Structure formats: C-alpha cells, structure tokens
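Following: one structure in structure tokens, then a few remarks.
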Amino acid sequence: MASPSIVILTGAGISAESGLGTFRDEGGLWAQHRIEDVATPEGFARNPQLVVDFYNARRRQAAEAVPNAAHEALARLEAEHAGNVTLVTQNVDDLHEKGGSQNVVHMHGALNSALCAACAHRWPAPLKMQVGALCPKCATPTARPDIVWFGEIPYQMERIEQALTRADIFVAIGTSGNVYPAAGFVQLATHVGAHTVEMNLDPGENVSLFAEARAGKASETVPAWVKEVLGS
Ligand code: OAD
C-alpha cells in the first residue's frame, strides 16, 4: 500500500500524561461529578452556574497543560505522511493543536469556544465564562460552553463518516469505547476493509472489534506506531 488513508480517533487517555484527568479511570471526572449534572442540556438548564464552573475549571487546567510525545507524533504524521490523515478527537482540550496538528476534528466540541444557544454563533471563550453572558452577534444572554453534551449530536459526523469510508487504517488511542457514535467507528472502518488498531493503557470496552491491540502509555505506543508508518 503506497500511501494509506489513515483515520485516528483520540480520547482522554492521550492527554492523561499531560496531566488532564480522564473520565472513567479510577478517580476520573465521572467519579467526582454526575454526568447528568454537568454534561447534559437538562443539567445546564437546572444549574447553569455549576456547569459553567465545571468547564471553567477544565479550561484553566487545559490552558496550563502541555502536549506530550503522543500529540507531537500525530502532528508529525499529519505533516509527513503522503496519504490522507484525518485526526478526530473526543477531547475538548487543545493539546493536539498545541502539539502542532493543523487540522483537528473536535467531535465533542472545544473548551476554548463559546456557543450561543439562541443563534448558534461561535466565538473564542474567555478563560472564565460567565453565566448569561451576551452573544456578541445576537446580544441574547444565551452563551454556553461549546461542548457536545449527552443527548446532543456530535459535530462533523458527515466529514468523519466520509473519511472512515475511505480509510485503509483506523487507529483509536486512549479511549474506553463507551461513548457512541465514536465507539462504533471501528465497525464502519472494518466494514470497508481498513486495518484497525487500538492503543490503550487498559483495553477498551470494544477492544474485541479491533484487528490489533497495543497496550501501553500513549507517549510510548503512539510515537512507535508513527515511526512504523513513516518508515523512520
Ligand atoms: P475515558 O475516561 O472513558 O477513557 C480513557 C481511556 O484512556 C481508558 O481506556 C484508559 O485505559 C486510557 N488511558 C489512560 N491513561 C492512558 C495513557 N497514558 N495512555 C493511553 N491510554 C490511557 O475517556 P474517553 O474514552 O475519551 O464526552 O471518553 C469518551 C467521552 O466520554 C468523552 O469525550 C466525554 C466523556 O463523557 C463528553 O463529555 C460528551
């Protein structure tokens, strides 16, 4: 295969070594906060201050975090691989961009973006968002974090599905395979004949669907895999 098309899906595990907490590991974010309180539209309607505070804290942590060798290796892959590379992340931090990736699909939204719930305008989020902040476009007090909550539709699904249908290689890194539709990408990739690889510290829920599984820390497994693909 001369220049395979590659689709990469990343999850919280790739940012763990940069000091950002995962969701479902022991002591993870979902052990400390209830999903229905901080990651649903209903939770936001009930207690917007709690939700805005939760994402303000995460935005502050993400702003201080630095990318690790796994983020940097994926940026190198994007720059040096002759075929298509589509990097899809479930992460709302910007460590892929800080690591040098130019083109990242943030399917679950982004901490550094604010969204108007009234007119869908987006703008750069301040480090500390305020409840009821005005939308700079329509002036309605309906600013919210630009995060895809449970019950909402992930972003750019058409683009992701198109990339998956052309994929020769699909790799999932640091994701527990619990949250759909991302957890189902491996099935679509398998269906079109792509080679599928899981890279994780602990095997994900859907590991049996992958052709190959590589266990270990992302900062070690990902640079090694990128070296293999690039041949150097
Ligand atoms: P999880 O917290 O569910 O899973 C993190 C995965 O990373 C686990 O499989 C760990 O074994 C693995 N891991 C931990 N440290 C690692 C390391 N150093 N190297 C490699 N792997 C490591 O996070 P996600 O699968 O990303 O959605 O969660 C998916 C979605 O659920 C998130 O985007 C978020 C959450 O609810 C929303 O908030 C909408």
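The values are calculated or read from the model by the stated rules, or taken from the named source; none is laboratory data. Values in this document were obtained by computation on a predicted structure and should not be read as measured data. All Cβ positions, even for glycine, are placed from backbone atoms using ideal geometry, and neighbour counts span all protein chains on display. Please note that ligands, DNA and RNA were not included when accessible areas were found on the heavy atoms of the full protein model with its side chains. Shrake-Rupley method; radii C 1.70, N 1.55, O 1.52, S 1.80 Å.
On the stretch given as the range 162-195, residues that are more than 16 Å from the ligand (Cβ to nearest atom) and β-branched (Val, Ile, Thr) total 4. Restricting Gln162, Gln187 to residues that are modelled with pLDDT of 95 or more, on the phi < 0 side of the Ramachandran plot, touching a helix residue (DSSP H, G or I) at 6+ places or on another chain (Cβ under 8 Å) and not charged (D, E, K, R) narrows the list to Gln187.
Consider Ile153 carefully, then state whether it is in a helix (DSSP H, G or I) and either touching a residue at least 24 places away in the same chain (Cβ under 8 Å) or open to solvent by 80 Å² or more (accessible area, probe 1.4 Å) (or both).
no
Any idea which of Ala39, Ala12, Ala73 is touching a Phe, Trp or Tyr at 6+ places or on another chain (Cβ under 7 Å), crowded, with 21+ Cβ neighbours inside 10 Å, over 30 Å from Thr140 (Cα atoms) and in contact (Cβ under 8 Å) with a residue 24 or more places away in the chain? Step by step, each of Ala39, Ala12, Ala73 is checked, and only Ala12 is touching a Phe, Trp or Tyr at 6+ places or on another chain (Cβ under 7 Å), crowded, with 21+ Cβ neighbours inside 10 Å, over 30 Å from Thr140 (Cα atoms) and in contact (Cβ under 8 Å) with a residue 24 or more places away in the chain. Please note which helices (runs of 4 or more DSSP H) are completely contained in the range 1-58 and include at least 1 residues that are on the phi > 0 side of the Ramachandran plot and near the ligand (Cβ under 10 Å from one of its atoms). Correct list: empty, since no element meets the threshold.
Of all residues in the range 102-136, those being open to solvent by 20 Å² or more (accessible area, probe 1.4 Å) and touching a Cys at 6+ places or on another chain (Cβ under 7 Å) number 3. Residue count for the range 45-60 satisfying the condition of being exposed (fewer than 15 other Cβ atoms within 10 Å of the Cβ), closer than 17 Å to Asn112 by Cβ and among the basic types (Lys, Arg): 1. Taking Arg159 as the residue in question, decide whether it is more than 14 Å from the ligand (Cβ to nearest atom) and open to solvent by 80 Å² or more (accessible area, probe 1.4 Å). The answer is yes for Arg159.
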